[in-house]
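Here the structure comes first, spelled out in structure tokens, and everything after it is commentary.
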Amino acid sequence: MTDLTAPRVTGHYFDGRTSARRDVTLSLDTFGVLHVEGSGVDRFEPVAGIAVSEPLGGAPRLLTFRDGAYCEVMAQAGRDAFIAAVGPPESHVVRAQSRWSWAIGSAILLLVVIAVGYRVGLPWLAEKIAERIPASMVTTLSDQTLTLLDKVAFEPSKLPEERRTRIADRFRHLTPPGGLPVPHEVLFRASAGIGANALALPSGTIIVTDALVKLTENDDEILAVLTHELGHVHERHGLRLLVESSVVGFVLTWYIGDVSSLAASVPAALLQAKFSREHEAAADAYGARMLKGNGLSPALLASMLEKLEASHGSPGAATDDKSINDYLASHPATRERIEALRKY
Ligand SMILES: [Zn+2]
């Protein structure tokens, strides 16, 4: 039986068309009408027209209305009793049937994308899409990625602020290849899980871990790593990889205009990024040109690759650090890269 003295929970309301999330209070009257009330929301919905999601671990329960709007109800005291009063959970089968048109549409779209992808070439497509992604979306994606990474993977850097500022300042004053400036920002973070690493977000935010800085003997070596990362930014490699790994989701997201769901997948995609040899070679070439153009030796980057290799152990070797997130997994450091850099 439902406790009628407290049929009230809090949740989030989504209108089903935009990503706007509204904090609401849900209450249930004795006539079986759900009242959703909050900032900009005041709707009454008979429970008969509400689809209730099945309980799934710690996931929020969803109450979906006929027009596609839905409420997300997080775990809280009395939540399950409240949901039970709204109605029984839909089974997977019922839900799948009610969404058959969506499912078939998705399948067809997927097949078309796969067919076109193979014929035309996913990398080519990714490059074209990446070129057309508006700067505002790139910034939003990158900012949300950094926020998420700061929550789950990073801690504030323990390096002296004076050193961080000095490195970032020096890097800012280097002349980029061809004199074409690439907007960027250098940030430092500590991270137990990621180890010695550097990664570039598509917006140009380059994150260097304290562990990587500790591997270096002088700031020139850090600058060398930064020029390589700036090469990835300049060539939009991260964005292209991201598009390749999720063309379907990306196109849909872009079409629908909801960046938030895509942003959630960005950190994992970027952290597990496996750039192709071509991307690495292009970033190395960019880095080497930038180093040379500023009176620094491309060999600095080669020696950094060797240090990273030594710190992480060569691929396949038995080491304590087999993190898939390590620098070498994301930037395959091969002998050929080191040798190529020494020849510049
Ligand atoms: Zn790289």
- Message: Looking only at segment 174-191, how many residues end up being outside any strand (DSSP E or B) and either under 19 Å from the mean Cα position of the chain (by Cα) or surrounded by 13 or more Cβ atoms within 10 Å (Cβ to Cβ) (or both)?
- Response: 6
- Message: Restricting to segment 133-148, name every residue that is under 15 Å from residue 236 (Cβ atoms) and over 8 Å from the mean Cα position of the chain (by Cα).
- Response: 133, 134, 135, 137, 138, 139
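Return yes or no: is residue 257 in the same structural domain as residue 125 (by TED's automatic domain parsing), at pLDDT below 60 and more than 16 Å from the ligand (Cβ to nearest atom)?
Working: in the same structural domain as residue 125 (by TED's automatic domain parsing): yes; at pLDDT below 60: no; more than 16 Å from the ligand (Cβ to nearest atom): yes.
No.
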- Task: Could you list, in sequence order, all residues of segment 196-222 that are in a loop (DSSP other than H, G, I, E, B) and either touching a residue at least 40 places away in the same chain (Cβ under 8 Å) or open to solvent by less than 10 Å² (accessible area, probe 1.4 Å) (or both)?
- Result: 196, 197, 201, 202, 203, 204, 216
- Identify, by number, the condition in (1) assigned to a loop (DSSP other than H, G, I, E, B); (2) closer than 12 Å to residue 14 by Cα that residue 36 doesn't meet. (1)
- Task: Please work out if residue 328 is modelled with pLDDT under 60, within 14 Å of the ligand (Cβ to nearest atom) and assigned to a helix (DSSP H, G or I).
- Result: yes
- Under the condition of being under 18 Å from residue 110 (Cα atoms) and surrounded by fewer than 22 Cβ atoms within 10 Å (Cβ to Cβ), which residue from segment 228-247 is modelled with the lowest pLDDT? 247
- Query: With respect to residue 168, is the statement that it is within 26 Å of residue 290 (Cα to Cα), surrounded by 20 or more Cβ atoms within 10 Å (Cβ to Cβ) and touching a strand residue (DSSP E or B) at 6+ places or on another chain (Cβ under 6 Å) true?
  - Reply: no
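The values are calculated or read from the model by the stated rules, or taken from the named source; none is laboratory data. These numbers were taken from a predicted model, which means no experiment stands behind them. Methodologically, a virtual Cβ is constructed for each residue, glycine included, from the backbone with ideal geometry; neighbour enumeration extends over all protein chains shown. Accessible surface areas use protein heavy atoms only, side chains included; no ligands, DNA or RNA. Shrake-Rupley method; radii C 1.70, N 1.55, O 1.52, S 1.80 Å.
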